[in-house]
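Have a look at the structure below, then the notes.
Throughout, read-outs are computed from the coordinates displayed, never taken from laboratory work. The shown structure was predicted, so the numbers you read here are calculated from the model rather than taken from an experiment. Cβ: placed from backbone, ideal geometry, glycine included. Neighbour counts: every protein chain shown.
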Amino acid sequence: MKPIRYPVNDCYPCVQGEGMQTGVAMVLLRLQGCEVKCPYCDTRETWSLDTVHQVAPLTAALGATPRYACLTAEQIAGHITARHRGPAWVLVTGGEPARYDLRPLAVQLRARGFKIALETSGTATGHLHAGLDWVCVSPKIDMPGGKAINAEVLAGADEIKHVVATPRDIEALDKLLADHTVKKTVQICLQPVSLNDAATALCLQTVIRRGWRLSVQLHKYLGSR
Ligand code: SF4
């Protein structure tokens, strides 16, 4: 059977800027392709899998562009091991990385000693049973792509990181939590949309009132990716 080839959009060492692991050094691995279509998405270049943007080698894809290179799990793990040996973690993000079967990738990264974190919209299941070390679900509720939040994915989340623009977004999260089972230990972060001041004030008030956590996209304040 042919090995899965993952469309890699970008791969670079950084400091996690969002959620519970803010400040932790990680190698960010961004996979191409997303059909969720969030209006506020700040990585729109990762949406399309048009073959016109497929390139080789991987170095031709790197950077914030729609280009991607298709690599096996072994090739990706080899690239990270050779070029980015410092961080203990690999952060798999997108696009929507869970649209792919992430089990082979997890096997290869784990074999090289990395811990694996995932950021997913909650609308795809490719990470289930991959034994990832940290799963952050940023639930994209009622987005134009029409993708539903998967109950099993939400139940497996270590962290729920919710993007907030208005009080309606808090209400939508409350309804999601009321309608689904989540881990007792799940950590909930509110993240103001696009550094918006009103949204930041709303998130701040809400996390203090509820004992949740604020996620402020540290990388944007630092001017890094
Ligand atoms: S799920 Fe993520 S990558 Fe996809 S549209 Fe939404 S914010 Fe963008």
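How long is segment 1-128 along each principal axis, judged by its Cα atoms, biggest number first, in Å?
Taking the Cα atoms of segment 1-128, the three principal extents are 36, 33, 28 Å.
Taking a temperature of 20 °C and a viscosity of 1.002 mPa s, what whole-number D in µm²/s does Stokes-Einstein yield for segment 92-186 with Rh from Kirkwood over alpha carbon pairs?
For these conditions, the coefficient is 155 µm²/s.
Please give the length that would be gained between residue 56 and residue 184 if that part of the chain were fully extended, namely 0.36 nm times their separation in residues minus their C-alpha to C-alpha distance (nm, one decimal).
Stretched fully, the residue 56-residue 184 segment lengthens by 41.7 nm.
Which value, in debye to the nearest 20, describes the size of the charge dipole of the chain about its Cα centre when Lys and Arg Cβ atoms bear +1, Asp and Glu Cβ atoms bear -1, and nothing else is charged?
Around 480 debye, computed over the chain.
Could you tell me how far the Cα centroid of segment 172-215 sits from the Cα centroid of segment 68-101, in Å?
The distance from the Cα centre of segment 68-101 to that of segment 172-215 comes to 29 Å.
Filter the chymotrypsin sites (Phe, Trp or Tyr not before Pro) in segment 1-80 down to the DSSP loop ones having no more than 13 other Cβ atoms within 10 Å, then list what survives.
Filter output for segment 1-80: 40.
Run the helix sum for the chain: -39,500 (n - 2.57) per DSSP H stretch of 4+ residues, divided by residue count, reported at 222 nm to the nearest 500 deg cm²/dmol.
Dividing the helical sum by the residues of the chain leaves -7500 deg cm²/dmol.
Could you give the size of the charge dipole of segment 1-92 about its Cα centre, using +1 on the Cβ of each K and R and -1 on the Cβ of each D and E, expressed in debye and rounded to the nearest 20?
Working: 8 positive and 7 negative charges, 46 e Å.
Rounded to the nearest 20 debye, it is 220 debye.
What relative contact order, as a whole-number percentage, does the chain give when Cα pairs under 8 Å and 6 or more residues apart are counted?
Numbers: 482 pairs, mean separation 42.9, N = 225.
That works out to 19 percent.
Below 25 Å, Cα to Cα, which lysines can residue 220 reach? Residues fewer than 8 away in the same chain don't count.
The qualifying lysines are 37, 115, 140, 161.
Report the one residue of 47, 75, 97 whose Cα lies farthest in the direction of the positive end of the charge dipole of segment 7-100 (charges on C-beta: Lys and Arg +1, Asp and Glu -1; origin at the Cα centre).
After comparing all options, I get 75.
Rounded to the nearest whole Å³, what is the per residue volume of the convex hull around the Cα atoms of segment 151-196?
Convex hull volume per residue, Cα atoms: 68 Å³.
Could you tell me the calculated FRET efficiency between residue 44 and residue 214, based on Cβ-Cβ distance and R0 = 30 angstrom, to the nearest 0.05?
The computed FRET efficiency comes out at 0.75.
Quick check: convex hull over the Cα atoms of the chain, volume per residue in Å³, rounded to an integer?
124
Which one of 150, 192, 113 has its Cα pushed farthest toward the positive end of the charge dipole of segment 70-199, where Lys and Arg give +1 and Asp and Glu give -1 at the Cβ?
Highest projection toward the positive end goes to 113.
Report, ordered by chain and residue number, the aspartates and glutamates lying within cross-link reach of residue 2, taken as a straight Cα distance under 18 Å and ignoring same-chain residues fewer than 8 apart.
74, 101
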